[in-house]
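Only one structure is covered here, and it is reproduced in the block below.
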Amino acid sequence: MRIYSVKKGDSLWALAQRFGVSLDDLMSANGLQDQSVLVIGQALIIPGPPSGSAHVVRSGESLWSIGQLYGVSIQELATANGITNPAQLAIGQNLIIPQPSRPVIEVNAYTEKFDEQGAALVREVGEHLTYLSPFSYRVQRSGQLQPLNDSAVIEAAYSKRAAPMMVITNFEGGTFNPEIAHSVLADPDAQNALLESIQSTMRQKGYMALNVDFEYVPPADKELYNAFLQRLVDTLHPEGWLVSSALAPKISADQTGTLYQAHDYEAHGRILDFVVLMTYEWGWSGGPPRAVAPINEVVKVLNYALTVIPASKIMMGMPLYGYDWTLPYVQGGRWAPTVSPREAVIRAARNNTSIQYDETSQSPFYHYYDDEGREHVVWYEDARSVQAKYDIVKAYKLRGVSYWVLGVPFPQNWFVLNANFTTKKLV
């Protein structure tokens, strides 16, 4: 696999001819339904030849260049073909291309879509998932849980060997409510009721893991939150269930702000099986335009997290979406609508604009003017930006990645994921 940035005059047909791939394979790798108009600066995946096939050595080729083409090492090529002297290749020689070795990671995806629509999404990408996390069971002040119609997506998850992970939140009325978190953490009766509700639901629905996403927990409740997580582990581990949490993106232990202060990285890393770092939403719907998950900011969070949490317990959060801001940005004004990577490219083509790529954030963006003459800026994700994030996962040897959220079309992501990793399966 290679990633190519579209230039003026390029077409899918010409690129297929140039790189020696079929037009169908090129369109499939990029989730294209027809020979759509390409956009200058658009990232395209150029799929490599399939592994396991034979390669005929051409003039000027070496084991290194052939390995780069297929994503395998010189040693892997040499071993597969019984080559003792890599320098002695003959033109016309047939080489067997072995399956490239890929790191094994865990992959989680949250979904807010249920019924048949949600099930169809899970069946589409479930082969790439370790966990499927329906979002979410909302905790009540009494410790009871609001019901969730998750049976269809759980069934779909099992059909693709993705382990269902139950998510509990203090979400109410469109936001995370600190009072609900406090009620459960400070009231033993409410907490007992919550533990009973969790166990009952996990048994009944077939959940294999739990994810606790309590946000805006009152800072004074930090130790109560840690103790609650320990109690969850003590209760659920004997049943064979994993326990995890979602953590706000901190860069230091003493970071201020209600979103951060009760999220104790060291304690969560010590107590739980793993954590999901919510490394996204620097650019958010109600805020000023910027990349949603700029790699320079993501790395700062990871650099701190790795000082107190083992890499084997860290799942890095990744967004599958972008935003379209109307300029000039006005605080408290119109919120930016979500845009999928697929729609972002279509919108750029429709408005005859070029896509740019910011090297600092490792994210694509572009400007355009709508029919009313208003300027817009769009930041989103593409094959280049997710490859940059996967490079970090490999360099830091993290446990894996966690996506927010299914239902936003991004076909390139799954191709790039599969080119870099093997997904661990627990089912």
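The values are calculated or read from the model by the stated rules, or taken from the named source; none is laboratory data. What you see is a predicted model, and the numbers here were worked out from it, not measured in a lab. Note that we place each Cβ from the backbone using ideal geometry, even for glycine, and neighbour counts take in every protein chain shown.
A few notes on this one:
- With respect to the conditions (1) within 10 Å of TYR380 (Cβ to Cβ); (2) within 19 Å of the chain's Cα centre (by Cα); (3) assigned to a helix (DSSP H, G or I), ARG347 falls short on a single one, namely (2).
- Here PHE114 meets the list (1) in contact with a helix residue (DSSP H, G or I) (Cβ under 9 Å, 6 or more places away or on another chain); (2) within 21 Å of LEU320 (Cα to Cα); (3) surrounded by 20 or more Cβ atoms within 10 Å (Cβ to Cβ) almost entirely, failing just condition (3).
- When the test is whether a residue is of a type in the set (Gly, Ala, Ser), in a helix (DSSP H, G or I) and under 28 Å from TYR396 (Cα atoms), GLY48 does not pass it.
- Against the test of being buried (at least 20 other Cβ atoms within 10 Å of the Cβ), polar (S, T, N, Q) and over 22 Å from LEU44 (Cα atoms), the options SER402, SER385 yield a single qualifying residue, SER402.
- ALA419 falls short on exactly one of the conditions (1) under 19 Å from the mean Cα position of the chain (by Cα); (2) modelled with pLDDT of 95 or more, and that condition is (2).
- Matching option when the condition is touching a strand residue (DSSP E or B) at 6+ places or on another chain (Cβ under 7 Å) and in contact (Cβ under 8 Å) with a residue 40 or more places away in the chain, among ASP273, ASP264: ASP273
- Considering (1) surrounded by fewer than 18 Cβ atoms within 10 Å (Cβ to Cβ); (2) within 21 Å of VAL276 (Cβ to Cβ), the lone condition that SER159 does not fulfil carries the number (2).
- Segment 1-44: number of residues that are of a type in the set (Ser, Thr, Tyr) and assigned to a loop (DSSP other than H, G, I, E, B): 3
- Note on segment 393-407: residues that are of a type in the set (A, V, I, L, M), outside any strand (DSSP E or B) and touching a strand residue (DSSP E or B) at 6+ places or on another chain (Cβ under 7 Å) amount to 4.
- Evaluating LEU63 against the criteria (1) under 33 Å from the mean Cα position of the chain (by Cα); (2) crowded, with 17+ Cβ neighbours inside 10 Å; (3) over 30 Å from HIS367 (Cβ atoms) leaves one unmet condition, (1).
- Among the conditions (1) surrounded by 15 or more Cβ atoms within 10 Å (Cβ to Cβ); (2) closer than 16 Å to SER183 by Cα; (3) out of contact with any Leu (no Cβ under 9 Å at 6 or more places or on another chain); (4) among the aliphatic types (A, V, I, L, M), the only one that LEU229 does not satisfy is (3).
- Residue in segment 72-89 that is under 25 Å from the mean Cα position of the chain (by Cα) and either buried (at least 18 other Cβ atoms within 10 Å of the Cβ) or modelled with pLDDT of 95 or more (or both) present: yes
- Residues that are more than 30 Å from ILE314 (Cα to Cα) and free of Cβ contacts under 8 Å to residues at least 40 places away in the same chain were ranked within segment 90-111; the one that is surrounded by the most Cβ atoms within 10 Å (Cβ to Cβ) is GLN93.
- Checking each residue of segment 174-192 against the condition of being crowded, with 21+ Cβ neighbours inside 10 Å, assigned by TED's automatic domain parsing to the domain that holds GLU266, within 23 Å of the chain's Cα centre (by Cα) and not in a helix (DSSP H, G or I) gives no match.
- Residue pairs whose Cβ atoms lie under 9 Å apart, separated by 6 or more positions or on different chains, with the first residue in segment 292-308 and in the same structural domain as TYR390 (by TED's automatic domain parsing) and farther than 21 Å from GLY269 by Cα and the second among the hydroxyl-bearing types (Ser, Thr, Tyr) and surrounded by fewer than 16 Cβ atoms within 10 Å (Cβ to Cβ), are PRO294/THR360; ILE295/THR360; ASN296/THR360.
- The single residue among PRO319, PRO310 that is crowded, with 20+ Cβ neighbours inside 10 Å, modelled with pLDDT of 95 or more and within 23 Å of SER133 (Cβ to Cβ) turns out to be PRO319.
- Segment 364-375 residues that are assigned by TED's automatic domain parsing to the domain that holds VAL386, paired with ones that are loosely packed, with under 15 Cβ neighbours inside 10 Å and assigned to a loop (DSSP other than H, G, I, E, B) (beta carbon under 9 Å, 6 or more apart): TYR366/SER354; HIS367/LEU327; TYR368/ASN352; ARG374/LEU327; GLU375/LEU327; GLU375/PRO328
- If you go through segment 153-173 and keep only what is assigned to a helix (DSSP H, G or I) and among the acidic types (Asp, Glu), you end up with just GLU155.
- Any hit, segment 141-149, residues being in the same structural domain as ARG399 (by TED's automatic domain parsing), surrounded by fewer than 21 Cβ atoms within 10 Å (Cβ to Cβ) and part of a helix (DSSP H, G or I): no
- Output for segment 302-333, where each listed residue is under 13 Å from ILE251 (Cα atoms) and within 16 Å of the chain's Cα centre (by Cα): LEU302
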